[in-house]
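Here the structure is laid out as structure tokens; the discussion comes afterwards.
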Amino acid sequence: MGKRKVTDCAEGCPVEAALDLIGGKWKGVILYHLLKDRVLRFGELRRLLPGVTQRMLTKQLRELERDGILTRTVHAEVPPRVEYALTEMGKSLKGVIRALESWGNARKANART
């Protein structure tokens, strides 16, 4: 995988830089589930995100790991057990993810009325 691009632009760049790390259809949902102070295995994440393909989930997890947002621990067992957990940087996204959760709940409530 290539290096992350350096974001050096006009006003609004902090948002661009943040979205560059956590943007995409599945990263926010992955973070939402990991923020419950849990360690999740690949299969558990797959069940929690039924619309994601194995390939896409693997890609998103690798990017989050590469960017220091989560850790991947491989246990030497047969079959291998792989677990994912948030790093301190990942945990620092709690307010952002909770704000998105609140906004999403409000949008769902408005859509029903």
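Just so you know, all these numbers are worked out from the coordinates, no wet-lab data involved. For clarity, every value in this text was computed on a predicted model and none was experimentally measured. As a convention, Cβ positions derive from the backbone with ideal geometry for all residues, glycine included, and neighbour counts pool all protein chains shown.
Within 14 Å, Cβ to Cβ, of Ser102, how many net charges do the neighbouring residues add up to if Lys/Arg are +1 and Asp/Glu are -1? Once positives and negatives cancel, what remains is +3.
Contact order, relative form, for the chain: 24 percent (alpha carbon pairs under 8 Å, 6 or more residues apart, mean separation divided by residue count). Backbone N atoms of the stretch 87-113 closer than 13 Å to the 7 Å Cα→Cβ label point of Ala18 belong to residues 92-101. Rounded if a/c is under 1.5, else prolate if a/b beats b/c, else oblate: with a ≥ b ≥ c from the C-alpha gyration tensor eigenvalues square-rooted, which is the stretch 13-112? It is prolate, given that a/c is not under 1.5 and a/b is the larger ratio. What residue among Tyr32, Gly68, Ala106 has its Cα farthest toward the positive end of the dipole of the stretch 13-112, where the charges are +1 on Lys, Arg and -1 on Asp, Glu, each on the Cβ? So the residue we want is Ala106.
Going by average Cβ neighbours within 10 Å, how do the peptides 40-48, 61-69 rank, with the highest at the top?
Packing proxy ranking, top to bottom: 61-69, 40-48.
Dividing the summed helix terms, -39500 (n - 2.57) for each DSSP H run of n ≥ 4, by the number of residues in the chain produces a 222 nm estimate of -16000 deg cm²/dmol to the nearest 500.
Phi-derived couplings, Karplus 6.51 cos²θ - 1.76 cosθ + 1.60 at θ = phi - 60°, listed residue by residue for the stretch 81-88: 10, 10, 10, 10, 8, 6, 7, 4 Hz, with x used for Gly and Pro.
Charges only on Cβ, +1 for Lys and Arg, -1 for Asp and Glu: so what's the dipole of the chain about the Cα centre, in debye to the nearest 20?
With Lys and Arg at +1 and Asp and Glu at -1, about 500 debye.
Under 5 Å from the amide H of Arg41 lie the amide H atoms of Tyr84, each residue being 5 or more positions distant or on a separate chain, with H modelled from the backbone and absent for Pro and chain starts.
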